[in-house]
1. Specify which of the listed residues (114, 53, 45) is over 13 Å from the mean Cα position of the chain (by Cα) and either surrounded by 14 or more Cβ atoms within 10 Å (Cβ to Cβ) or not in a loop (DSSP other than H, G, I, E, B) (or both).
2. If the requirement is being in contact (Cβ under 8 Å) with a residue 24 or more places away in the chain and farther than 13 Å from residue 17 by Cβ, which of these qualifies: 114, 109, 94?
3. List the pairs whose first member sits in region 9-36 and is at positive phi and at pLDDT 95 or above, whose second member is surrounded by 13 or more Cβ atoms within 10 Å (Cβ to Cβ) and assigned to a strand (DSSP E or B), and whose Cβ atoms are under 8 Å apart, counting only residues at least 6 apart or on separate chains?
4. Here is a list: 8, 36, 20. Which entry is assigned to a helix (DSSP H, G or I), touching a strand residue (DSSP E or B) at 6+ places or on another chain (Cβ under 9 Å) and surrounded by fewer than 20 Cβ atoms within 10 Å (Cβ to Cβ)?
5. Modelled with pLDDT of 95 or more and within 23 Å of residue 110 (Cβ to Cβ): is that true of residue 47 in this structure?
6. Answer yes or no as to whether residue 29 is outside any helix (DSSP H, G or I), over 12 Å from the mean Cα position of the chain (by Cα) and surrounded by 14 or more Cβ atoms within 10 Å (Cβ to Cβ).
7. Scan region 56-80 for residues that are part of a loop (DSSP other than H, G, I, E, B) and more than 16 Å from residue 40 (Cβ to Cβ) and jot them down.
8. Can you list residue pairs whose Cβ atoms sit under 6 Å apart, with the first residue in region 71-84 being in contact (Cβ under 8 Å) with a residue 24 or more places away in the chain and on the phi > 0 side of the Ramachandran plot and the second being surrounded by fewer than 21 Cβ atoms within 10 Å (Cβ to Cβ) and in a strand (DSSP E or B)? Count only pairs 6 or more apart in sequence or on different chains.
């Protein structure tokens, strides 16, 4: 795909960080943001909302990126939740067992409320 995948980082509250991803999390897209994502999720005790509202597709590469950081957070006492995933993305993640590691929310506001 020729489109660039990007992410933005925003502090939602004193202890919750929002990471919004824009573009597909296929092999190329994941490669484009993987270092930035890892740097954003560097506090293993942190609370993170990953907004996938602007992600149309997630491959095994994207899943691996989310899984590695999600497991590290869980082990460190932190949490990561997913917001805004479309049905295709949500189904792909659920088939891979991600619904056991992450909670899914329709909106950023719902996700933020659940983490407070």
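1. Just one listed residue meets the conditions, 114.
2. Values: 109 fails: in contact (Cβ under 8 Å) with a residue 24 or more places away in the chain; 94 fails: in contact (Cβ under 8 Å) with a residue 24 or more places away in the chain.
None of the others qualify; the one that does is 114.
3. 23/6; 23/54
4. Numbers: 8 fails: assigned to a helix (DSSP H, G or I); 20 fails: assigned to a helix (DSSP H, G or I).
Exactly one residue qualifies, and that residue is 36.
5. On the way: modelled with pLDDT of 95 or more: yes; within 23 Å of residue 110 (Cβ to Cβ): yes.
Spelling it out, residue 47 is indeed modelled with pLDDT of 95 or more and within 23 Å of residue 110 (Cβ to Cβ).
6. Working: outside any helix (DSSP H, G or I): no; over 12 Å from the mean Cα position of the chain (by Cα): yes; surrounded by 14 or more Cβ atoms within 10 Å (Cβ to Cβ): yes.
No; evaluated as a whole, the condition is false for this residue.
7. Here is the first cut: in region 56-80, the residues part of a loop (DSSP other than H, G, I, E, B) are 56-57, 59, 77-78.
If the condition is that a residue be part of a loop (DSSP other than H, G, I, E, B) and more than 16 Å from residue 40 (Cβ to Cβ), then 56, 57, 59, 77 are the ones that fit.
8. Pairs found: 84/53.
The values are calculated or read from the model by the stated rules, or taken from the named source; none is laboratory data. What you are looking at is a predicted structure, and each value in this text was computed from that prediction instead of being measured. Don't worry about glycine lacking a Cβ; one is built from the backbone with ideal geometry, like all the others, and counts go over all protein chains shown.
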